[in-house]
Ligand code: GLU
């Protein structure tokens, strides 16, 4: 689709936890096309320092350049910006919208087992809210004892504070945000001082992104991001959730499909035009 929207700012945001595969090539080429002559940015989503590696980041640059994509440099590397995420958390904290959660996975399973039902949200089983009910004294005692904790959004308060929200998707039209269906999502992990949801929301605003493109497998996440935008006073971009490229077996590409990495295809003698075509983008 050719659009007259040269003011568009779009970004491709891969994680350097493996080599890019054909599904990434599709997403990157989709984003470039969606930018329609506007700006095409790159963001390295490496908050999970245990899983991300510098050589995979190098691989991203190498593979995108080989595919013929040009992005504005430098790319924004999330691990360089933990202070931005911290500032957002502080703002939410000042407004009483987050709380520390000391639960382990086991605690959550136990609690859900007792409740006898396990409603699911976008990040899996909905958190049953155990630590939301902790008294300030208990919170302080656990923190003083050095108990590791995540920070969760108090979704009920968040929905009250944000009011009714929508977002606009290029294919689906106007979508109504369902906050309660997302539950008290994690905004800072025990091992990482932010989370995917918080980092991408803050970054898209800082990078001035006007059109967020992402796979439709992440459609649920956009509900959370819209709420965070409202709470943090950040602008609302437009969205375009795209279908996922699937292999001949009908399954979507994943990092485990090593034979279909851009690198492997290149080493097998395929050229950039051929790989772009495999990803559904004929020249
Ligand atoms: N980093 C995410 C991924 O690799 C995409 C980021 C986003 O579009 O929100 O799937």
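Computed on the Cα trace of segment 116-155, the radius of gyration divided by the Kirkwood hydrodynamic radius gives Rg/Rh = 1.04. Computed from the Cβ-Cβ distance with R0 of 22 Å, the FRET efficiency linking residue 104 to residue 138 stands at 0.85.
If a/c stays under 1.5 just call it rounded; otherwise compare a/b with b/c (prolate if a/b is bigger, oblate if not). Do that for segment 234-283, with a ≥ b ≥ c from the square roots of the Cα gyration tensor eigenvalues. The shape class here is prolate.
Kindly rank 63-75, 264-276, 136-148 from highest to lowest mean number of other beta carbons found within 10 Å of each residue. Numbers along the way, then the final one.
Working: 63-75: 15.9, 264-276: 14.2, 136-148: 11.2.
Listed from highest to lowest mean packing, they are 63-75, 264-276, 136-148.
Please work out the ratio of the alpha-carbon Rg of segment 84-208 to 2.2 N^0.38 Å and round it to two decimals. Write out the running numbers ahead of the final one.
Details: Rg = 15.6 Å, N = 125, 2.2 N^0.38 = 13.8 Å.
Taking the Cα Rg and dividing by 2.2 N^0.38 Å, one obtains 1.13.
So between residue 114 and residue 246, what do we pick up on full extension, going 0.36 nm a residue minus the alpha carbon distance? In short, 43.6 nm is gained.
Relative to one another, the C-alpha centroids of segment 1-79 and segment 210-283 are positioned 10 Å apart.
Determine the gain in length on full extension of the stretch residue 86-residue 33; use 0.36 nm per residue of separation and subtract their C-alpha separation, reporting nm with one decimal. Show your work: numbers first, answer last.
Numbers: separation 53, 0.36 × 53 = 19.08 nm, distance 3.33 nm.
The span from residue 86 to residue 33 would gain 15.7 nm if fully extended.
Along each principal axis, taking the top coordinate minus the bottom one, the Cα set of segment 35-140 gives 54, 32, 30 Å in descending order.
Given the Cα atoms of the chain, and with Rh set as the inverse mean 1/r over their pairs in the Kirkwood sense, what is Rg to Rh to two decimals?
Numbers: Rg = 20.1 Å, Rh = 20.3 Å.
With Rg and the Kirkwood Rh in hand, the quotient comes to 0.99.
What per residue convex hull volume, in Å³, comes out for segment 79-149 when only alpha-carbon positions are used?
Output value, Cα hull per residue: 135 Å³.
For the peptides 36-42, 55-61, the ranking by packing is 36-42, 55-61, with the highest mean count of neighbouring Cβ atoms within 10 Å listed first.
Per the Kirkwood formula on distinct C-alpha pairs, the Rh of segment 61-110 is how many angstrom?
Numbers: mean 1/r = 0.0670 Å⁻¹.
When all Cα pairs of segment 61-110 are included, the Kirkwood radius is 14.9 Å.
Computed over every Cα-Cα pair of segment 155-283 and binned at 10 Å starting from 0, the pair-distance distribution P(r) comes out as 11, 33, 29, 20, 7, 1 percent.
Here, each number is a calculation from the coordinates, and none is a lab measurement. Quick caveat, the model's predicted, so the values are computed rather than measured. As a convention, Cβ positions derive from the backbone with ideal geometry for all residues, glycine included, and neighbour counts pool all protein chains shown.
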